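For reference, the structure is listed below as structure tokens.
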Amino acid sequence: MTKPADCVVLIALPTSRSGFEWSRAQAQSEYANRFLLGWDQYEGVSDDLTDAVERYKSQGVKHVAVDARQEEWLRTLSEAEVVIIFAHWIESAAGAGAIEFWDGPCSVEELVDQIPVDFNGVIDLSVCHPFGFADQVARHRPNCSVCYAEYAVSPSIWAEIYCSIFEVLRRTGMDYREAVTRVTLEYRRQAKKKMKDKTRDRRHQ
């Protein structure tokens, strides 16, 4: 059984305008500079993440770190059963890639080395395409589990999905991985239904 209090959320994506502008000015930051229209394009994402932080706390999440640095990653691995990371994945042709924390990228090799050998919790990656990381964890830290989506999902949608996951955990105390599976399947089912409804509506116009 897992409760929200067993979880820690690390948000390395900007959650304010000042944070967004600061991130864009950093040479090592890739994520914020992908928003070519600047703050006007990103503001909605920031609002959704900020709103989600308050909702997570109200649902009993143990700790939510915004502007999450690598030191937060190290600390939470000794404190929580479930570590959830909202961050940007940096592809690497030469290696397995890296996760962009607030204070810069951290390579897969570094991340895996920092996971205690006896850690048997869950690492949940709200990160697009972190296949290299998941593969290395499976090889070198088989005692823990890694959750991730095999398809790209916007941060705003992820933020809402985790609100539902924590609500399920709060009400039922079911196993974390089971809660993630049930909630994400339901979101996908609803998304498919909306697409079918829109297609049907267009046909009848």
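List of remarks:
- Members of segment 102-158 that are among the small types (Gly, Ala, Ser), free of Cβ contacts under 8 Å to residues at least 24 places away in the same chain and within 19 Å of THR181 (Cβ to Cβ): ALA134, ALA138
- Filter result (under 20 Å from the mean Cα position of the chain (by Cα), of a type outside the set (Phe, Trp, Tyr) and surrounded by 14 or more Cβ atoms within 10 Å (Cβ to Cβ)) within segment 28-42: SER29, GLU30, ALA32
- Any helices (runs of 4 or more DSSP H) falling wholly within segment 1-93 and containing at least 3 residues that are more than 21 Å from SER145 (Cβ to Cβ) and in contact with a Lys or Arg (Cβ under 9 Å, 6 or more places away or on another chain): 39-58
- Test result for THR2, of a type in the set (Val, Ile, Thr) and over 22 Å from GLY121 (Cβ atoms): no
- Breaking point among (1) touching a strand residue (DSSP E or B) at 6+ places or on another chain (Cβ under 7 Å); (2) surrounded by fewer than 16 Cβ atoms within 10 Å (Cβ to Cβ), for GLU186: (1)
- Some residue of segment 41-62 being over 25 Å from MET174 (Cβ atoms), out of contact with any helix residue (DSSP H, G or I) (no Cβ under 7 Å at 6 or more places or on another chain) and among the aliphatic types (A, V, I, L, M): no
- Matching residues, segment 121-143, being in a helix (DSSP H, G or I) and closer than 16 Å to VAL61 by Cα: none
- Apart from one condition, SER92 fits all of (1) hydroxyl-bearing (Ser, Thr, Tyr); (2) under 27 Å from ALA179 (Cβ atoms); (3) surrounded by fewer than 16 Cβ atoms within 10 Å (Cβ to Cβ); the exception is (2).
- Boolean, VAL8 is β-branched (Val, Ile, Thr), buried (at least 16 other Cβ atoms within 10 Å of the Cβ), at pLDDT 95 or above and touching a His at 6+ places or on another chain (Cβ under 8 Å): yes
- Residue in segment 61-77 that is surrounded by the fewest Cβ atoms within 10 Å (Cβ to Cβ), counting only those that are within 20 Å of LYS3 (Cβ to Cβ) and β-branched (Val, Ile, Thr): VAL64
- In segment 156-198, the residues that are within 13 Å of the chain's Cα centre (by Cα) and among the acidic types (Asp, Glu): GLU160
- Among the residues listed as VAL153, VAL146, the single one being within 13 Å of the chain's Cα centre (by Cα), aliphatic (A, V, I, L, M) and part of a strand (DSSP E or B): VAL146
The values are calculated or read from the model by the stated rules, or taken from the named source; none is laboratory data. Remember, predicted model here, so these are calculated numbers, not experimental data. Note that we place each Cβ from the backbone using ideal geometry, even for glycine, and neighbour counts take in every protein chain shown.
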